[in-house]
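Bear in mind that the values in this text are calculations on the coordinates, not laboratory data. Being a predicted model, the structure only gives us computed values, none of them experimental. Note that we place each Cβ from the backbone using ideal geometry, even for glycine, and neighbour counts take in every protein chain shown.
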Amino acid sequence: MIIRRAEVVRPSEITPYGAYLNRRQLIAAGTALSLGSLLARTVRADTLAAAKSLLSTDEEPTALKYVTSYNNYYEFGTGKSDPSQNAHTLTTKPWTLKVDGLVAKPADYALDDFIKPFALEQRIYRHRCVEGWSMVIPWIGFPLAGVIKRAQPQGNAKFVAFETLKRPSQMPGQRGLFQPLDWPYVEGLRLDEAVHPLTILAVGLYDQDLPNQNGAPLRLVVPWKYGFKSIKSIVRISLVAEMPPTSWNKQNPNEYGFYSNVNPEVDHPRWSQKTERKIGEGGLFAQRHPTLPFNGYADQVANLYAGMDLRKFF
Ligand SMILES: Nc1nc2c(c(=O)[nH]1)N[C@H]1C(S)=C(S)[C@@H](COP(=O)(O)O)O[C@H]1N2
Ligand SMILES: [Mo]
């Protein structure tokens, strides 16, 4: 058993995003006041606290330095250290987010207004890249389901499409001769996958706002799928009727399917998916670990794919 089955956090354990914003304003305003500076000393202004969800794994999280320095974010380069070196130049304030498509309530939100109604939780999730490495990351976020419910999907909405920012002036990977992907980066989920309780939008990790290299200010996290489904720096969420295009599938449809569920039985055409290397487990002799079906979340999500041939729908 990797994660506990219960799907609820006690409401008393949750920091509503509004309260978090208020506390930040209090701390900011408080720097001029004596009581405020006392507060500021005990609570760092950049501290983002949220109670741990029971949907968390009890495995030890990967050290913060690896989570923030070993990244895939091709808008900032294809090397693992490129995002941590280049992504600081991205401006994430102000940030607007479009919710549109087959919904009764389409809207353009300022990020804070987008998040405000939702309760933040810590979700410690396993994270498996299609390249064969893995981490355990303590995200801070909230279920995507609430966002979709608020938009009021129409009956013909069957998929959710996501889009990353396209801003070549601040994203060096979107300039120059070698373009590894079409921009903007796009991803998609079936509607039932999108509203599954494990699917979250993350705004932080450990106790801080999401670092730019991890997809600030808002990224998707779908822990039973290969990492590339978890699209970063989202600017648009659209409800659609047909399966939407996805970046890696467009780049190489033989290697990357729409579903991309973690599956040790379906090899990537160029390598096995049976095992993984845990980032941070150092040394030449660190052994690889078996990869689990649905990345260890089979009890929670296997029923979404009942009757589907997962070799065909990889
Ligand atoms: N916009 C965008 N999102 C992206 C990517 C990317 O290149 N661009 N890389 C994906 C891949 S391959 C992985 S493994 C995860 C990595 O997330 P992390 O750097 O926070 O570990 O982000 C995914 N989301
Ligand atoms: Mo990945």
Fill in: Point-charge dipole on Cβ atoms (K/R +1, D/E -1) for the range 11-305, about Cα centre, debye to 20
440 debye
Item to complete: Please give the peptides 281-291, 122-132 ranked by average Cβ packing (other Cβ atoms within 10 Å per residue), highest first, as a rough proxy for protection.
Response: 122-132, 281-291
Worksheet item: Ranked highest first by average number of other Cβ atoms within 10 Å, how do 109-118, 74-83, 150-159 line up?
Response: 74-83, 109-118, 150-159
Practice prompt. Note down the nm distance, to one decimal, between modelled labels 7 Å out along Cα→Cβ at D209 and at R311.
Written response: 4.9 nm
Item to complete: Could you work out the relative contact order of the chain, using alpha carbon pairs under 8 angstrom and six or more residues apart, expressed as a whole percent?
Response: 19 percent
Fill in: Where only C-alpha atoms are counted, convex hull volume of the range 11-305 per residue in Å³
150 Å³
Practice prompt. For the range 177-272, run through the chymotrypsin sites (Phe, Trp or Tyr not before Pro) and keep only the ones in DSSP coil with at most 15 other Cβ atoms within 10 Å of their Cβ.
Written response: F178
Worksheet item: How about K149: which aspartates and glutamates have a C-alpha closer than 20 Å to its C-alpha, ignoring those fewer than 8 places off in the same chain?
Response: E7, D100, D108, D112, D113, E121, E163, E187, D192, E193, E242
Worksheet, complete the sentence: If L191, L144, L48, L102 are placed from fewest to most neighbouring beta carbons inside 10 Å, the sequence is L191, L102, L48, L144
Response to the item:
The ³J(HN,Hα) series, computed from each phi in the range 305-314 with the Karplus coefficients 6.51, -1.76 and 1.60 at θ = phi - 60°, rounded to the nearest Hz and given as x for glycine or proline, is 10, 4, x, 8, 7, 6, 7, 6, 9, 8
Discussion item. Per 0.36 nm of contour for each residue apart, how much would the distance between R277 and T96 grow if the chain were fully extended, relative to their Cα-Cα spacing?
Written reply: 61.5 nm
Worksheet item: Amide H neighbours of Q208 under 5 Å, counting only residues 5+ apart in sequence or on other chains, H built in-plane at 1.01 Å?
Response: L48
Worksheet, complete the sentence: Row for the range 44-95, column shape: gyration tensor on C-alpha, a ≥ b ≥ c, rounded if a/c < 1.5 i.e. under 1.5, prolate if a/b over b/c, else oblate; value oblate
Worksheet, complete the sentence: Listed with the fewest Cβ neighbours within 10 Å leading, S169, S134 appear as S169, S134
Worksheet item: Once Lys and Arg get +1 and Asp and Glu get -1 on their Cβ, which of V99, L55, G282 lies farthest toward the positive end of the dipole of the chain?
Response: V99
Discussion item. Please state the shape class of the range 218-309: rounded when a/c is under 1.5, otherwise prolate if a/b exceeds b/c and oblate if not, all from the C-alpha gyration tensor.
Written reply: prolate
Worksheet, complete the sentence: Taking 0.36 nm per residue of separation between K52 and R288 and subtracting their Cα-Cα distance, the length gained on full extension comes to 82.1 nm
Practice prompt. Go ahead and run the numbers for FRET between K149 and D267, Cβ-Cβ distance against an R0 of 51 Å, rounding to 0.05.
Written response: 0.85
Worksheet item: What shape does the range 148-248 have by the C-alpha gyration tensor, where a ≥ b ≥ c are the square roots of the eigenvalues, rounded means a/c under 1.5, and otherwise prolate means a/b greater than b/c and oblate the rest?
Response: oblate
Worksheet item: Of the peptides 231-238, 208-215, 55-62, how do they stack up when ordered by the mean number of other Cβ atoms within 10 Å, highest first?
Response: 231-238, 208-215, 55-62
Worksheet item: Pick from L239, L54, L304: which residue has the top mean-square fluctuation in a GNM of the chain where Cα pairs under 10 Å get a spring?
Response: L304
Worksheet item: What number, rounded to the nearest 500 deg cm²/dmol, is the helix-based mean residue ellipticity at 222 nm of the chain, given -39500 (n - 2.57) per DSSP H run of at least four residues and division by all its residues?
Response: -4500 deg cm²/dmol
